[in-house]
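Since every read-out is calculated from the coordinates, none of them should be taken as a lab result. Predicted model only: the values in this text are computed from it and were never measured. Virtual Cβ from ideal backbone geometry, glycine too; neighbours counted across all protein chains shown.
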Amino acid sequence: MDHRQTASTDDLLREEFNRWAEQGKGEEMEAHHADITHKTLQRMELRAGERVLDLGCGAGWATRILARMVGEGPEGFGQVVGLDISDEMIRRARASSRDFDNAMFVCGSASQIPWEENFFDKVLSVESFYYYPDQDRVLAELFRVMAPKGKLFILINLYRDNPCTLRWAEELKVPVHARSIEEYVKLLQAHAFEGVEAHQVPDSTPSPETYSGRWFRNVDELNDFKRIGALLLVARKPDVRNPGPAYTIY
Ligand SMILES: C[S@@+](CC[C@H](N)C(=O)[O-])C[C@H]1O[C@@H](n2cnc3c(N)ncnc32)[C@H](O)[C@@H]1O
């Protein structure tokens, strides 16, 4: 995908997620993603003093949890950056985070992360990665901004091995990727990430007795979706000071 195509899809994403933000969906998503996110946070082994990126942070609820977890401690004062393409999501995230002096919200594209090299110890991305028009380019950017030995945690609900979610591609007003677990693992490895792992993280929240929303046909499908779970990709940037093979300067 060339840079012009990425830029025009980014414009579409900004418009669509600004609409979501205005409808209050940024805040609503916390209830939908909290269970799988908390299970991921447990694996992240966050420590006070770490620098963390929340990629596609939406209204910033997970950024604030991260900020509490890496805040002041014996190892220093941690810092969390929430990045999102939607300026309305970012405006809301900032408004809800005034009490946090170690959380910062930045409007920008995952394809061009406005940050310096070798900075972040950990990256979390919740339900955002499948929207990125050029996932290769985003992985090259993540490799660039992550510290050597830094760890990446990407949570994805829409992927080929959870078939209940594939219909969402038609419902959503923006293009999405629907890759398989195997394809994602190969993609991360191709970008020189090490220790690539794929886990399926079930959602343990109770379901209502009946379901009348638009994302699932019925409550049985909702329960299947939760049982199969989200795909969690975990990977580590190698301990090198030199750039890996997929490194590109944009
Ligand atoms: C489904 S929401 C999830 C938001 C948040 N992580 C949560 O769990 O509540 C997807 C988010 O990804 C953001 N996003 C989509 N494409 C993006 C891109 N290319 N760069 C940065 N953010 C993007 C959207 O604006 C939106 O806020």
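A few comments on the model shown:
- Check on Ala147, of a type in the set (Gly, Ala, Ser), crowded, with 20+ Cβ neighbours inside 10 Å and away from the ligand (no atom under 12 Å from the Cβ): no
- Listed by first and then second residue, the pairs with beta-carbon distance under 7 Å, at least 6 apart or on different chains, first residue in the stretch 83-107 and part of a loop (DSSP other than H, G, I, E, B), second hydrophobic (A, V, I, L, M, F, W, C) and within 10 Å of the ligand (Cβ to nearest atom), are Ile85/Leu13; Ile85/Phe17; Ser86/Phe17; Ser86/Ala21; Ser96/Ala59.
- Residue tally, condition of a type in the set (Gly, Ala, Ser), within 11 Å of the ligand (Cβ to nearest atom) and assigned to a strand (DSSP E or B), over the stretch 47-82: 1
- Yes/no for Ala34 being within 15 Å of the chain's Cα centre (by Cα) and either small (Gly, Ala, Ser) or loosely packed, with under 14 Cβ neighbours inside 10 Å (or both): yes
- Residue pairs whose Cβ atoms lie under 7 Å apart, sitting 6 or more positions apart in sequence or on different chains, and linking a residue in the stretch 194-221 that is surrounded by fewer than 12 Cβ atoms within 10 Å (Cβ to Cβ) to a partner that is aromatic (Phe, Trp, Tyr) and assigned to a loop (DSSP other than H, G, I, E, B), are Asn218/Tyr211.
- Yes/no for Leu155 being within 15 Å of the ligand (Cβ to nearest atom) and part of a strand (DSSP E or B): yes
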